[in-house]
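See structure below.
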Amino acid sequence: MGGSRDRLRELLDAVLDEENRTLGDMADDAYASPFHFTRQLTRDAGEAPVAMRRRVMLERAAWQLHRGSTVTDAAWAAGYESVDGFSRAFARAFGHPPSNPAASHWLPAPNGIHFHPPMSLWVHAKETTMNPLTEHLVAHDLDETRELLDRAKQVPDEQYRRVVLTDHAVNDWEGPEGSLAQVLRGIVRAKEAWIAAIEGTEFPSNGDDDPVALIARHDEVAPRWLAMVRDVERRGAWNDRFIDALCEPPESFVLSGVIAHVITFDAARRHLARHLLRVAGVDPGDGDPINWARRVRGEEPGQ
């Protein structure tokens, strides 16, 4: 085995070591600075170390759950500080909650590297993953929506529902969206409606729209939405059509157009939500997908 392969194995070992919970721990174990450790592993394996560890730990958790582990035990073993945080991450990654584990514990990977029990790696030679741009756009939309909903809990209800943008609608057929409540509801509602149409299920009721209720609705629909987009990519079904019988009269839609529609109008709504949060005196965050990606990869600003 050549030196470069030995070095990659050392880097991977550092990522997976039970004691290495942070990027600094991994880098120290590999006798490298965090910057060079991240750069070399990303170059050689196509995935940043923090993202790889998080994915492989979730794969291990899925395997443990399938073998009868409790959600709490799997969460602690995966390094999560709360069961709620683990459950959200698991559902976002696998498309279903940890209470309903599937037989397969592999997640999409850019390098074919997966958890192999009891604590080693399997390298799958024919890995098929989602287009990185699609994954980036969809995952950023879901994560930023969750963050905006969480920040909206700081806004008093009267101000949360106050119409600031009069006679405003993001598009003609979804009604007015002039308040923070209406804008955030529109983001969640769009995915609920389109998932129902694609899955052929009953059109969802409006439901409560206070921030806590919208968080619960978002956490339920987000993994289903991500799983649907990944399935479209896996099957190469971007140009497939479906008939939405919920429309009057029924109308056909192309899957790629629907996904682009949601991403486009969600981006507009998120921008409005940040503006309305700022008006309410709440820091809305910058919403920048570059900074979001850096946080996901565990990078420091400027890397």
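The values are calculated or read from the model by the stated rules, or taken from the named source; none is laboratory data. The shown structure was predicted, so the numbers you read here are calculated from the model rather than taken from an experiment. All Cβ positions, even for glycine, are placed from backbone atoms using ideal geometry, and neighbour counts span all protein chains on display.
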Residue 67: outside the structural domain of residue 147 (by TED's automatic domain parsing) and more than 18 Å from the chain's Cα centre (by Cα), yes or no?
yes
Identify all residues within segment 5-56 that are surrounded by 15 or more Cβ atoms within 10 Å (Cβ to Cβ), of a type in the set (Gly, Ala, Ser), modelled with pLDDT of 80 or more and in a helix (DSSP H, G or I); write none if there are none.
14, 27, 51
For segment 57-81, what are the residues that are crowded, with 20+ Cβ neighbours inside 10 Å and small (Gly, Ala, Ser)?
61, 62, 74, 75, 78
Regarding segment 133-142, can at least one residue be identified that is at negative phi, part of a helix (DSSP H, G or I), of a type in the set (Gly, Ala, Ser) and modelled with pLDDT under 90?
yes
Look at residue 74 and say whether it is within 18 Å of the chain's Cα centre (by Cα), assigned to a helix (DSSP H, G or I) and not assigned by TED's automatic domain parsing to the domain that holds residue 229.
no
Yes or no: residue 118 modelled with pLDDT under 90 and under 18 Å from residue 17 (Cα atoms)?
yes
Test: residue in segment 48-66 that is in contact (Cβ under 8 Å) with a residue 12 or more places away in the chain, under 17 Å from residue 116 (Cβ atoms), touching a His at 6+ places or on another chain (Cβ under 7 Å) and of a type outside the set (A, V, I, L, M, F, W, C):
yes
So which residues in segment 77-92 are of a type outside the set (D, E, K, R) and either outside any helix (DSSP H, G or I) or touching a residue at least 40 places away in the same chain (Cβ under 8 Å) (or both)?
78, 79, 80, 82, 91
